[in-house]
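Asks: Shown below is the structure under consideration.
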Amino acid sequence: MEDDYLKHITRLDELEMDRLVRRYWHDVWQYAYFLTRREHVAEDIAQETFIRAFRAIDAFRGQCSVKSWLFTIARNTAFNYSKSAFLRKVTLAGLFQDTKRSSSAESDYMSASFTDDIWSFVLELPRSDREIIILYAHYELSYKELAEVLRIAEGTVKSRLARARAKLAKRMKEERLQ
């Protein structure tokens, strides 16, 4: 594990903080955005996540990856925010972009269109289903990491993921039939 040394330190210097922010900022911000659906709120949550992580670096024991640890902090921060009176529901638009290169304009368009369609279906799922699919498919967390972030058993992760996939498949099938 590249950041394994973090479990042995009690304080980060400015250069190390900068390195961690540069390495994980985008993932933490995007995860906060998935949870809150608001850009400026995701920005606040990401900032708060890193502040909390840097203050509590001595609590990191390396039992999970740094990314999983940061996601857990971000998730808790987002849930705390969602309990506040300032949260308003908004619609996501243009969240995902396909970064893979294809050989033709037609295949680029079809691939981007298909990806956008899938993610739009994901974003319509209930929050718990949406969250587990995003963490698994987009961030490629393992079952163990998912269990740590979501604070549930690995078996529960597997069953929730299966249910979320089934809901997604059903929604996609319904859309194709119309």
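The values are calculated or read from the model by the stated rules, or taken from the named source; none is laboratory data. Quantities reported herein were computed from a predicted structural model and do not represent experimental measurements. Positions of Cβ are backbone-derived with ideal geometry, glycine not excepted, and every protein chain shown enters the neighbour counts.
Asks: Within segment 9-53, work out how many residues are among the polar types (S, T, N, Q), in a helix (DSSP H, G or I) and over 15 Å from Asn80 (Cα atoms).
Replies: Final tally of qualifying residues: 1.
Asks: Does any residue of segment 55-70 turn out to be at pLDDT 90 or above, surrounded by 18 or more Cβ atoms within 10 Å (Cβ to Cβ) and aliphatic (A, V, I, L, M)?
Replies: The answer is yes, given that some residue of segment 55-70 is at pLDDT 90 or above, surrounded by 18 or more Cβ atoms within 10 Å (Cβ to Cβ) and aliphatic (A, V, I, L, M).
Asks: Give me a count of the residues in segment 47-67 that are closer than 17 Å to Val21 by Cβ and small (Gly, Ala, Ser).
Replies: Final tally of qualifying residues: 3.
Asks: Right, here's the next one. Pull up segment 138-178, narrow it to residues that are free of Cβ contacts under 8 Å to residues at least 12 places away in the same chain and of a type in the set (A, V, I, L, M, F, W, C), then point me to the one that is nearest to Ser68 (Cα to Cα).
Replies: Among those that are free of Cβ contacts under 8 Å to residues at least 12 places away in the same chain and of a type in the set (A, V, I, L, M, F, W, C), it is Ala147.
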